[in-house]
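K.L.:
Submitted below is the structure of interest, expressed as structure tokens.
The values are calculated or read from the model by the stated rules, or taken from the named source; none is laboratory data. Small disclaimer: the values here were computed from a predicted structure and weren't measured. Virtual Cβ from ideal backbone geometry, glycine too; neighbours counted across all protein chains shown. These accessible areas exclude ligands, DNA and RNA; they are computed on the full protein's heavy atoms, side chains included. Shrake-Rupley method; radii C 1.70, N 1.55, O 1.52, S 1.80 Å.
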Amino acid sequence: VTIIGEAAFSDAGNNTSSSAFTITLNEGLEVISKDAFFGCRNYSALTIPNSVTTIGDAAFTNNNASVLTIGSGITSIGRDAFGKPSGNTQYTSVTVLATVPPSLGKFNFGGEFPIYVPAASVNAYKTAQRWTTYADRIQAIPNS
């Protein structure tokens, strides 16, 4: 699978009585389309593989993930891809592994959580279009 189509898993696991589940996205996936996982709930962490280059508008809006890792291959993140109408207060951290800041749509990382990026790229992220909104929260990825 190289593309997850528009609204493919929209509202999956949205039943509040559903037990927690895991979303596993494998290497080789390249595009996550608009609304692909819109409204999916009951998972706590999400890792976007390095092979993904594009995340469409609202692809993961209204989710319950608290930890988000976006792989090194990302070049484009759509509007509201990780947005939530009331902000992203559920996130405790977001890590973006790409050394070049991807293009970023509006309304993605509201809240107060840190956004971790490669150390050599901190300044590039802080000055990139739309990333400037989050400049005070952009930090180098902590050493493991």
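K.L.:
Over the chain, calculate the relative contact order: mean separation of alpha carbon pairs under 8 Å at least 6 apart, over the residue count, as a percent.
P.N.:
16 percent
K.L.:
For the chain, modelled as a Gaussian network with Cα springs under 10 Å, which listed residue fluctuates most, Ile32, Ile70, Ile23?
P.N.:
Greatest mean-square fluctuation among the candidates belongs to Ile23.
K.L.:
Quick check: with the 1.4 Å probe, what order do Asp35, Asp136, Asp57 take by accessible area, largest first?
P.N.:
Solvent-accessible surface, decreasing: Asp136, Asp57, Asp35.
K.L.:
Determine the equivalent ellipsoid of the chain by diagonalising the alpha-carbon gyration tensor, then write out the semi-axes as square roots of 5 times the eigenvalues, largest first, rounded to whole Å.
P.N.:
Equivalent-ellipsoid dimensions as semi-axes: 23, 16, 14 Å.
K.L.:
Quick one: putting +1 on the C-beta of Lys and Arg, -1 on the C-beta of Asp and Glu, what dipole do you get for the chain around its Cα centre, in Debye to the nearest 20?
P.N.:
The dipole magnitude comes to about 300 debye.
K.L.:
Taking only DSSP H segments of four or more residues, each worth -39500 (n - 2.57), what value at 222 nm results for the chain once the sum is divided by all its residues, to the nearest 500 deg cm²/dmol?
P.N.:
Helices in the chain give a 222 nm mean residue ellipticity of -1000 deg cm²/dmol.
K.L.:
What residue among Val117, Phe60, Asn42 has its Cα farthest toward the positive end of the dipole of the chain, where the charges are +1 on Lys, Arg and -1 on Asp, Glu, each on the Cβ?
P.N.:
Value computed over the given set: Val117.
K.L.:
State to the nearest 20 debye the size of the charge dipole of region 59-142 about its Cα centre, where the only charges are +1 on K and R beta carbons and -1 on D and E beta carbons.
P.N.:
Roughly 140 debye for region 59-142.
K.L.:
How are the Cα pair distances of region 95-143 distributed, in percent, across 5 Å bins from 0?
P.N.:
Histogram of Cα-Cα distances, whole percents per bin: 5, 25, 36, 27, 7, 1.
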